[in-house]
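The values are calculated or read from the model by the stated rules, or taken from the named source; none is laboratory data. Not measured: the values here are computed from a predicted model. FYI the Cβ positions are ideal-geometry reconstructions off the backbone, even for glycines, and counts take in every protein chain you see. Ligands, DNA and RNA are stripped out before the accessible areas are found, and what is left, the full protein with its side chains, is counted by its heavy atoms. Shrake-Rupley method; radii C 1.70, N 1.55, O 1.52, S 1.80 Å.
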Amino acid sequence: MKIRINQLGYTCGMQKIAVMCGELSETLQVLDEKGNAVMELPVEAAPVEIWGDQVVQADFSALTAPGVYTLRCGSERSHPFPVAQEPYRQCLTALVDMFYYQRCGGEVDERAGVFTHPACHTGLARVYGTQEYMEVSGGWHDAGDFGRYIVPAAKAAADLLLAWQWNPGVFDTPGLTPILDEVRWELEWMLKMQRADGAVYHKVSCARFCGMIMPHEEKEELIISPVSTTATGDFAACMAMASRFYEKTDAGFAARMREAAKRAWAFLCGTEPILFRNPEGVSTGGYGDRSDEDERLWAHVEMAVTFGEEQYRAAAEEAIRQADRRHAPLGWGDMRGYAVLSGLQLGGEAAELCRQWVLDAAQELLGRINAYGITMTERLPWGSNMNISNDGMLLLQAWMLTREERYRLGAERQLHYLLGVNPVGYCYVSGFGSRPMSHPHHRPSVALGVCQPGMLSGGAASGMMDACAREHLQGQPAGKCFIDMHESYSTNEICVYWNSPMVALLAGLTK
Ligand code: 9MR
Ligand code: 9MR
Ligand code: ZN
């Protein structure tokens, strides 16, 4: 199958571009379910070299009638795919359900099918280096491991809140956990991770990663790692932001978050950077960072938007002016993008700077789009599918600001890549498409021998950062550095903060 399409299909009006290589001819045929050619289109002539292949793109946007089709060109064929009104609805539901399956500290009931399990990680956790114990149950397991880390938690929560902000209606699906309830599960846990002086502990996990077992089977001691200013800044920002979303439905909860945000912000402003490194004896996810400037920036902006008070506004305006405004990343390491998106609500000169910032960053992304529709070619980082979803979010925001089609088309291409228009020919979401990723580095899936649906794989990573990747992928071009084996945690793990930007992207595109 060397004709790559979105395996979940397309809406009737969407632009449709297949990326093809192999033994092709000059015309592309669209076959209906019976195999009859219903359309014939010329194929763009000049091939482009990318990731070891000569590829051509074929635009078959003229196909708008609902149905199930296959593309044929020379001796190559695509997977069958639908053209429909709402081809992504079930996928979005599954991507959101994933957060429920990742819940820690509460029973995960029969809604999770075979992934049902009793409450896990309910014991008290010990503060590193002390004999002090704290109750910090709750939240979501980060990924294929069972750690709970503040920095990526803030990203995941912020993405889901943005998804709801962009398209609340899409989450009204019957049977779906209301998304604000799901996010609250995480926020309530985050609140427990704050120290009396306002600082926020970086993470809670066992000392080491456990084997491939179910979460309730991990019984080692839970350790709360030291505070950091990256965690504290993200916490202040996330709490201030989230409080706006719960104000109408639960004023008490919103007030608790506002108070926590104020205390975290005060701590942050009174202290030099405290950058996190795993303390001796702890080897779970580090989420270390070289700088806390972007977390501070995000905190200032959210505080200013939520409270509007002069001290917060002044800090936000100054930080925006000082910031490097060439990119607007939405990663856990660099949170500048979240500051920009919320900064749009500040009004005045600050909002204008943020608007320009979004548009410049989006323009820069469009300039880098390659034949497969994504902005990274030479090197793909660990979790590249997160960067791709993030790019989609930013392009969507640019589209929402301007309604210029090119931004929306750019955002759509990020989605198409994730769902099949990629050089490995996988749908990167488990349980969906003709060839879904099916063997993620995810402890419950490995323990049960069944893959939970609705999880976005980290995807191609060119750094050869685990033994399985080194064994199977050495020498491959960047886009092909992916292997659907659970041993390859650097290419095929799953994460809450990889699902979350995809939820936001799909929600925004479904508008
Ligand atoms: O399972 C762990 C995964 O969640 C992490 O992303 C990854 C990188 O920190 O580490 C995995 O754990 C592996 C450990 O680092 C080395 N020994 C094998 C572990 C599981 O396969
Ligand atoms: O997503 C993280 C990636 O950006 C880093 O390069 C990598 C190595 O530090 O760690 C990833 O995060 C893992 C975390 O450390 C533990 N839980 C699973 C995460 C995804 O692999
Ligand atoms: Zn747990």
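How far is the Cα center of the stretch 422-465 from the Cα center of the stretch 234-260, in Å? Comparing the Cα centres of the stretch 422-465 and the stretch 234-260, I get a distance of 34 Å. What shape does the stretch 156-195 take by its C-alpha gyration tensor, where a ≥ b ≥ c are the square roots of the eigenvalues and a/c under 1.5 counts as rounded, a/b above b/c as prolate, and the rest as oblate? Since a/c reaches 1.5 but b/c is at least a/b, the shape of the stretch 156-195 is classed as oblate.
Summarising the overall dimensions of the chain from its C-alpha atoms, the Rg and Dmax are 22.7, 73 angstrom. Over 26 Å apart at the Cα level, from the set K2/K34; K192/K262; K248/K511; K203/K262; K155/K248; K34/K480, are K34/K480. Report summary: the helix-based calculation at 222 nm, which adds -39500 (n - 2.57) for every DSSP H run with n ≥ 4 and divides by the residues of the chain, gives -12500 deg cm²/dmol.
Among the GluC sites (Glu not before Pro) in the stretch 294-363, those located in a DSSP loop and surrounded by at most 14 other Cβ atoms within 10 Å of their own Cβ are E309. Based on protein heavy atoms only, the stretch 419-461 ends up with 23 Å² per residue of surface accessible to a 1.4 Å probe. Remark: C-alpha extents of the stretch 309-389 on the principal axes read 46, 22, 18 Å, sorted largest to smallest. Charging the Cβ of each Asp and Glu at -1 and of each Lys and Arg at +1, and nothing else, the dipole of the stretch 269-328 about its Cα centre rounds to 200 debye. Taking Cα centre as origin and charging only the Cβ of basic (Lys, Arg, +1) and acidic (Asp, Glu, -1) residues, the dipole magnitude of the chain rounds to 280 debye.
Counting only protein heavy atoms and a 1.4 Å probe, the stretch 335-384 has 37 square angstrom of accessible area per residue. Annotation: amide H-H contacts under 5 Å for E493 (H modelled 1.01 Å from N, sequence separation of 5 or more, or interchain): H441, G458, G459.
Qualifying GluC sites (Glu not before Pro) in the stretch 206-246, where qualification requires a DSSP coil assignment and no more than 15 other C-beta atoms within 10 Å, comprise E220, E221. Simple rule: put +1 on each Lys or Arg Cβ and -1 on each Asp or Glu Cβ in the stretch 278-354, find the dipole, and look at G286, G308, P329; the Cα lying farthest toward the positive end is P329. Of the trypsin sites (Lys or Arg not before Pro) found in the stretch 388-483, those that fall in a DSSP loop while having at most 11 other beta-carbon atoms within 10 Å are R403. Calculate I(q)/I(0) for the stretch 422-511 by the Debye formula, one identical point scatterer on each C-alpha and no solvent, and give its log10 at q = 0.19, 0.21, 0.22 Å⁻¹ to two decimals. Cα-only, vacuum Debye calculation for the stretch 422-511: -0.85, -1.01, -1.08.
Overall, the ratio between the Cα radius of gyration of the stretch 379-468 and 2.2 N^0.38 Å, rounded to two decimals, is 1.23. Rolling a 1.4 angstrom probe over the stretch 341-435 with all protein chains present gives an accessible area of which 48% lies on carbon and sulfur atoms.
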